[in-house]
1. Which lysines have a Cα less than 25 Å from the Cα of K305, not counting those fewer than 8 places away in the same chain?
2. As an exercise, identify the chymotrypsin sites (Phe, Trp or Tyr not before Pro) in segment 219-313 lying in DSSP coil whose Cβ has no more than 16 other Cβ atoms within 10 Å.
3. Using a simple spin-label model with points 7 Å from Cα along the Cα→Cβ vector, what separation in nm is obtained for N161 and E295?
4. Two-decimal Rg/Rh of segment 5-142 from alpha-carbon positions, Kirkwood Rh?
5. Rounded to the nearest 0.05, what FRET efficiency do K210 and L313 give with R0 = 41 Å and r taken as the Cβ-Cβ distance? Could you check?
6. Can you give the calculated 222 nm mean residue ellipticity of the chain, where each DSSP H run of n ≥ 4 adds -39,500 (n - 2.57) and the sum is split over every residue, rounded to the nearest 500 deg cm²/dmol?
7. Pick out which of P254, P104, P57 has the largest mean-square fluctuation in a Gaussian network model of the chain, springs linking Cα atoms closer than 10 Å.
8. Considering only DSSP beta bridges with both partners in the chain, what is the antiparallel share in %, to the nearest 5?
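Nothing in this text is a laboratory measurement; each read-out follows from the coordinates by a stated rule. On a predicted model such as this, the values are computed, not experimentally measured, just so you know. For neighbour counting, all protein chains shown are included, and Cβ atoms are generated from backbone atoms with ideal geometry for every residue, glycine included.
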Amino acid sequence: MLKPKVSIIGAGNVGVRYAYSLMQSGASRSIVMIDSDMKRAEGEVMDLASGMPYLSPVEIFAGDYPDMKDSDLVVITAGKKQTPGQGRMELVKDNVAIFKNIIPRIVKYAGEALLLIVTNPVDVLSYAAYKISGKKYQEVIGSGTVLDSARLRFLLSRHCNIDARNIHAYILGEHGDSEFPVFSSALIGGTLLSDYCVQCERCDHKDRLKHIFEAVRDFAYKIIERKGETSYGIGLALTRITEAILKNENSILPVSCLVHDYYRVNDVYMSLPAVVNKKGVRETLKLALNPEEVENLHQSAAVIKKIIQKVGL
């Protein structure tokens, strides 16, 4: 089997967009797609394989859990979507039940692989995967706010007319409504955002930053309102996390990870700036948060913990 090898559980829109992006990146030489609807998985793989002549060599096929053997990374995008009238807690319970079926099979056939959780609510389900799998916490990662942070950088770049690659800013906490921006340490070309805004004098920056964050928080809702789902952005974000893992980059990414005494927050999965490499999360960086950001961190942790407790994890 070619290496590095990635197995994707779930051949829905997110899983397929991720596979498409991953194929083009060249980060993986072998990709396995697994879905309860094997016919769907086979069709997606056939479609993806049609572009092989335009890519670096990569093997992709539809398979079953035993085919995950020797995977370096298993990515879980499978889960139920919220239906009209269904409460969030009911959805969480349904997806935890799915994970109780999926995770033991992953451990059986790909016990050495890192787990990357994408299914929402990602922080709760990352914690569930950690508990169910019995793996080291460093080896179970959630996609977290990597995409949210990318959206923040994009909107800041558009407002400031600066290349997004020169903007460093994080959304942390829950991947959800209680997430928060860390503007106090955001940088534009090595300059603190607060200092840059004073130099720029183009707008009332406090009011503008508030609106930019609100736009980030509501970004997914607006996409879903228009097209019914979001998948391209998360597909690219997952590829970025995958590259950091497979290439042993020690890259700093705001992934969902188990929190240990981070401003007195413990035993919850949420997004923090983490050093990511082939062993998973090497460490988290403790940013110098201002009092408002610390309060937001505590509120976000409380939201996630409340759900974790209600589902009995």
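1. K80, K81, K93, K100, K131, K135, K136, K286
2. Passing sites in segment 219-313 are Y263.
3. 3.6 nm
4. Rg/Rh for segment 5-142 comes to 0.97.
5. Computed FRET efficiency for K210 and L313 comes out at 0.75.
6. Value at 222 nm, helices only: -14500 deg cm²/dmol.
7. In the Gaussian network model the winner is P57.
8. In the chain, DSSP labels about 50 percent of beta bridges as antiparallel.
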